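First the structure, in the form of structure tokens, and then the observations on it.
The values are calculated or read from the model by the stated rules, or taken from the named source; none is laboratory data. Predicted, not measured: the structure shown is a model, and the values here were computed from it. Note that we place each Cβ from the backbone using ideal geometry, even for glycine, and neighbour counts take in every protein chain shown. What goes into the accessible areas is simple: the full protein's heavy atoms, side chains included, and nothing from ligands, DNA or RNA. Shrake-Rupley method; radii C 1.70, N 1.55, O 1.52, S 1.80 Å.
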Amino acid sequence: MRIVVLVSGTGSNLQAVIDAVAAGSLDLEIAAVGADRLDTFGIERSAAAGLETFVVNFKDYASRADWDAALLSAVAAYTPDYVISSGFMRIVAPSFINAFEGRYVNTHPALLPAFPGAHGVRDAMAYGVKVTGCTVHFADAGVDTGPIIAQTPVAVLPEDTEESLHERIKIAERELLIKVLGELAQP
Ligand code: GRF
């Protein structure tokens with residue numbers, strides 16, 4: 001199984017995948033790691049791990065459609081079996097979803113369908129939920145929508161800040177992503 005991983009930030013979930021592959025506990029090939037912006041630690045750490053990287057910088061494109069087309073062709077060039085959105089902070093075009101139908105996997109730091117969007121941890125805390133968590137799902141063209149593959153609950157502690165809660169969620173998120181990828185990689 002070949003995957004392309006898309007990141008926008010630090011890529012700590014991606015690092016867990018890189019480590020699991022290196023340790024032999026996850027049997028897949030990371031064909032490339034791509035980002036939508038310059039200077040992400042996710043790209044830096046991927047390059048340091050010897051992986052192929054690419055950037056389709058949103059700001060370099062005159063229109064959204066141009067960026068959509070560039071992202072699709074950059075990812076498709078690696079002929080991945082699955083594309084993983086791991087902290088990739090952009091909604092992809094319907095053309096991208098069609099090209100990778102049932103093969104575009106997203107991770108989200110909340111128990112979808114609750115608290116979609118860029119601030120899933122903050123929104124869950126603001127609501128006052130006592131349990132939140134993480135979701136790995138097949139992404140469609142919506143914001144954090146599409147069939148759920150797996151979820152892990154995480155308790156919200158009275159002393160939690162958004163950062164402390166997100167860090168605990170990310171520990172669960174990494175484990176869940178690796179488990180799901182392992183299952184998808186089964187022949
Ligand atoms: C993850 O919680 C992801 O679900 C969210 O942003 C975080 C990405 O963290 N969208 P990292 O880039 O893997 O460190």
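Note on the range 99-155: Kirkwood radius taken over Cα pairs, Stokes-Einstein applied at 10 °C and 1.306 mPa s, translational D equal to 139 µm² s⁻¹.
Express in nm, to one decimal, how much length is gained between THR10 and VAL143 on full extension, taking 0.36 nm for each residue of separation and deducting their alpha carbon distance. The partial results should precede the final answer.
Numbers: separation 133, 0.36 × 133 = 47.88 nm, distance 2.08 nm.
Full extension from THR10 to VAL143 adds 45.8 nm.
Reported to the nearest whole Å, the Cα centre-to-centre distance from the range 1-18 to the range 59-112 is 13. Using a cutoff of 8 angstrom between alpha carbon atoms and counting only pairs six or more residues apart, the relative contact order for the range 2-184 works out to 20 percent.
Remark: the chain carries 47 Å² of accessible area per residue (probe radius 1.4 Å; ligands, DNA and RNA excluded).
The range 65-121 has equivalent-ellipsoid semi-axes of 23, 13, 10 Å, by the square roots of 5 times the alpha carbon gyration tensor eigenvalues, sorted largest first. Distance distribution P(r), the range 2-184, all Cα-Cα pairs, bin width 5 angstrom from 0: 1, 8, 17, 21, 21, 16, 10, 4, 1, 0 percent.
With a 1.4 Å probe and all protein chains kept in place, how do LEU111, LEU71 rank by accessible area, largest first?
LEU111, LEU71
Potential lengthening of the chain between MET1 and GLU163 amounts to 55.0 nm, from the contour at 0.36 nm per residue minus the alpha-carbon distance.
Would you mind checking the range 142-158 for residues with the amide N under 11 Å from a putative spin-label position 7 Å along Cα→C-beta of GLU183? Residues 148-152 fall inside that zone.
Among residues other than PHE54 whose Cβ falls under 13 Å from its Cβ, what is the net charge (Lys/Arg +1, Asp/Glu -1)?
So the surrounding residues net to -2.
Computed over protein heavy atoms with a 1.4 angstrom probe, the accessible surface ordering of TYR104, TYR78, largest first, is TYR78, TYR104.
Could you work out [θ]222 nm for the chain from helices alone, using -39500 (n - 2.57) per DSSP H run of at least four and dividing by all its residues? Round to the nearest 500 deg cm²/dmol.
Numbers: 6 runs with 69 residues, N = 187.
It comes out at -11500 deg cm²/dmol, rounded to the nearest 500.
Subtract the Cα-Cα distance of GLU29 and ALA70 from 0.36 nm times their separation in residues, and report this length gain in nm to one decimal.
Details: separation 41, 0.36 × 41 = 14.76 nm, distance 2.28 nm.
Length difference between fully extended and current span is 12.5 nm.
Restricted to Cα atoms, the range 93-187 shows a radius of gyration and a Dmax of 13.9, 44 angstrom. Counting only protein heavy atoms and a probe of 1.4 Å, the accessible surface of the chain is 56% carbon and sulfur.
Computed from backbone phi, the HN-Hα couplings of the range 109-122 come to x, 6, 8, 4, x, 6, 6, x, x, 6, 10, x, 6, 4 Hz, rounded to whole numbers (Karplus: 6.51 cos²θ - 1.76 cosθ + 1.60, θ = phi - 60°; Gly and Pro given as x). For PRO113, the shell of other residues with beta-carbons less than 13 Å away shows a net charge of -3, using +1 for Lys and Arg and -1 for Asp and Glu.
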